[in-house]
1. Based on alpha-carbon positions alone, could you give the equivalent ellipsoid semi-axes of the chain from the gyration tensor, as √(5λ), descending, whole Å?
2. Give me the angle, in degrees from 0 to 90, between the Cα long axis of helix 19-30 and the longest principal axis of the Cα atoms of the chain, rounded to the nearest 10.
3. Taking the Cα centre of the chain as origin, sum charge times position over the Cβ atoms of Lys and Arg (+1) and Asp and Glu (-1), and report the length of that vector in debye to the nearest 20.
4. Can you tell which of Val79, Val40, Leu50 lies farthest toward the positive end of the dipole of the chain, using +1 and -1 charges on the Cβ of basic and acidic side chains (Lys, Arg; Asp, Glu)?
5. So which trypsin sites (Lys or Arg not before Pro) in the chain pass both tests, a DSSP loop state and at most 11 other Cβ atoms within 10 Å of the Cβ?
6. Longest segment of the chain with no GluC sites (Glu not before Pro) in a DSSP loop having at most 16 other Cβ atoms within 10 Å?
7. Normalised by the number of residues in region 2-84, what is the relative contact order in percent for Cα pairs under 8 Å and 6+ residues apart?
8. Return the single residue from Asn73, Asn30, Asn12 with maximal mean-square fluctuation; model: Gaussian network over the chain, springs between Cα atoms under 10 Å.
Amino acid sequence: MNNYTLEVIIENKPAARDPEGETILKDLINQNGFEMVKSVRSGKYLRINLEAESKEEAKNIVYRMCNDLRIYNPIIHVVNINVKD
């Protein structure tokens, strides 16, 4: 068995509203003068360490965990899972 670190990034789909990102954008522009910022999207970041036989198995385990535990909603979210070297 090998140890793997996986990054899970959960974001709203492009068509889904992102109230948190919209609020951050408004604050950056209105309160701090960062007019050059045109868009902000918020999300969730998870770092998971686990043991598996291979990188593909580790990725499959994390994907199954995210689905089984409903860590994200596939209707409004997109999930990216990356194995870190």
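Each reported figure results from applying straightforward, stated rules to the coordinates on display, with no laboratory input. Everything numeric here is computed off the predicted structure, so don't read it as measured data. Glycine also receives a Cβ, built like all others from the backbone with ideal geometry; neighbour counts cover every protein chain displayed.
1. Each semi-axis is the square root of five times an eigenvalue, giving 33, 15, 8 Å.
2. The two axes meet at around 40 degrees.
3. Computed charge dipole of the chain: roughly 200 debye.
4. The residue sitting farthest along the positive end of the dipole is Val40.
5. Arg17, Lys38, Arg70
6. Values: sites that count: Glu35, Glu53.
Longest site-free region, per DSSP loop and neighbour criteria: 1-34.
7. After rounding, I find 52 percent.
8. Asn30
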